[in-house]
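> Here you go, one structure.
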Amino acid sequence: MGKRRNRRGKPLPTEPVSVTIDSLSHEGRGVGRIDGKTVFVDGALPGETVKMKYTFQRGQFDEGQCLEVEANANVDRVEPPCAHFGVCGGCSMQHLSTDAQITHKQQILSEQLEHFAKTQPEQWLPPMQADLIGYRRKARLGVRYVIKKERTLIGFREKHSNYLADIEHCPILVKQVADLLQPMSRLIEKMDSRLFIPQIEVACGDDDVCLIVRHLQPISEKDHQLWVRFAQEYDLVVYLQPKGPKTVHRIWPPEDEKAQLSYSFKEYGLEMLMEPLDFTQVNSSINTKMVPAAIELLDVQPTDNVLDLFCGLGNFTLPLASKANYVVGVEGVQEMVDRGTINAKHNSLENVAFYQSDLAGDLTGKEWLDREYNKVLIDPARSGAIEVISNIVKIGPEKIVYVSCNPATLARDTGELVKAGYKLKKAGVLDMFPHTTHVESIALFEK
């Protein structure tokens, strides 16, 4: 094997070097300096002196991997719960205690609010945590049959690589799915089409586990029956996907049998129906805390009219409707609007309506904008809600709750709301993705 090289073709230094770590980057890497040049070190924590190997060199900074802690181990360093930590790229902070992880995420949110909005909340909410392992109920797992090894890899990519990590078990996936990794690997090794299965998507409801098997060429009857028997043995719902999302079709149970994924909000007496490719929150234990927290922050009363933007299949909309006078959910994807409408009917809620609108586009003349709302909830994608902020301001709600999966865009949008006369009353972080650098947060704005 040739020497590792950086992008300019110059070989990387091969001798390990020592560096003292000063801080932790937003990506969870230790930050130090060697001969005045910044270096980001995977697996290193603030205050530690570590021995590292170079993994990349750039003009402005270098990158490395911690080989061992030489001195001053951080008090929050812990033994990672996964044997594959450091190789698998699915998680990057398992070496840091979960309390320290959530503190780091709140610090990131605070820094972003200060940087983009020049403000801080009047009150920090206590960080919200729930299941720390076995929490991930949706995942896109890579698949690769390795001819030389005559076996199949299933899981996530290696850190900083396009190669699949060689893992046997994943403690982050819900247990029903984690326990399937090796049986699925053995099944694929028996397939005629084992070289043409690039991905298996997983979606779990409260009671069912669903697999969507992507295949790049038509599968044989033998392969079809392998998956049917697998589904029967492990009590699964299995779909095949030969091309795009519209080609997804169920092979077990048969199409004429009922097999509906769902999750519940017992507090509100609601059952949310879903399809396997629908967007749903990955961490159900946090979701069942997050939704009531949002409703409490909005202080929803029986006389309130609430607008829920980026509503999806109604994850917030229907719980809101169980408390408010009237709720309107708006979503850009028509399939999600249809699902929300079905869920409202399924739960016998008549004080709710769903509309399809591109919330990043021109909303002039939209029927749902002609209604009066005194409270608004928004839960946008990572790009944030900047395009719709002006419309929210025109509505003039007394309270706005903003659920965010990107602290930078939340902070940017906070700046716009502050300019429009709103105060950031409360904010806090939700540990939707423990052991990763993903920061989910919630904020309350008042006029």
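> Among DSSP beta bridges whose residues both lie in the chain, state the antiparallel percentage, nearest 5. Could the numbers behind the result be given before it?
Working: 62 of 95 bridges.
Within the chain, antiparallel bridges account for around 65 percent of the total.
> Turning to a different aspect of this structure: Here are several values of volume of the Cα convex hull per residue in Å³: [x] 150; [y] 195; [z] 169. Which one was derived from the coordinates shown?
Answer by label: [z].
> A follow-up question, please. Provide the FRET efficiency to the nearest 0.05 for the residue 266-residue 296 pair, computing r from the beta carbons and using R0 = 25 Å.
Details: r = 17 Å, r/R0 = 0.66.
Efficiency at R0 = 25 Å is approximately 0.90.
> Of all chymotrypsin sites (Phe, Trp or Tyr not before Pro) in region 212-245, which ones are in loop regions per DSSP and have a Cβ with at most 14 other Cβ atoms within 10 Å? Present the calculation step by step, with values, prior to reporting the outcome.
Details: sites: 227, 230, 234, 239; in loops: none.
Answer by residue number: there is no such site.
> Something else: Of the listed pairs 118/425; 323/399; 266/447; 258/345, which have alpha-carbon separations greater than 26 Å here?
Numbers: 118/425 14 Å; 323/399 16 Å; 266/447 32 Å; 258/345 18 Å.
Violating the 26 Å limit, Cα to Cα: 266/447.
> For residue 234 and residue 288, calculate 0.36 nm times their separation in residues minus their Cα-Cα distance, and state this gained length in nm to one decimal.
Numbers: separation 54, 0.36 × 54 = 19.44 nm, distance 2.69 nm.
The span from residue 234 to residue 288 would gain 16.7 nm if fully extended.
> Oh, and also: If you bin every alpha carbon distance in region 294-404 into 5 Å steps from zero, what whole percent lands in each bin?
Taking every Cα pair in region 294-404, the percentages come to 2, 13, 26, 27, 21, 9, 1.
> In nm, to one decimal, how far is the residue 305 label point from the residue 195 one, both placed 7 Å along Cα→Cβ?
6.3 nm
> Amide H of residue 157: which non-local residues (sequence gap of 5 or more, or other chain) have their own amide H closer than 5 Å, using H built in the peptide plane?
89, 165
> Whole-Hz Karplus ³J(HN,Hα) for region 384-395, in order, using 6.51 cos²θ - 1.76 cosθ + 1.60 and θ = phi - 60°, x for Gly and Pro?
x, 10, 4, 5, 9, 4, 4, 5, 5, 4, 5, 4
> Which of the aspartates and glutamates could a cross-linker bridge to residue 10, judged by Cα under 20 Å and excluding same-chain residues fewer than eight apart?
Reachable aspartates and glutamates: 35, 62, 63.
> Could you work out how far apart the two model spin labels at residue 366 and residue 35 are, taking each label as a point 7 Å from the Cα in the direction of the beta carbon, and quote it in nm?
The two pseudo-label positions are separated by 5.6 nm.
> Counting Lys and Arg as +1 and Asp and Glu as -1, what is the net charge of the other residues whose Cβ lies under 12 Å from the Cβ of residue 272? Present the calculation step by step, with values, prior to reporting the outcome.
Values: positive: 266, 339; negative: 206, 271, 275, 278.
Residues near residue 272 contribute -2 overall.
> Mind checking which aspartates and glutamates have their C-alpha under 17 Å from residue 222, skipping anything on the same chain fewer than 8 residues away?
189, 192, 233
Just so you know, all these numbers are worked out from the coordinates, no wet-lab data involved. No experiment lies behind these values; they were computed from the predicted model shown. Cβ sites come from the backbone with ideal geometry, for glycine too, and all protein chains shown count toward neighbours.
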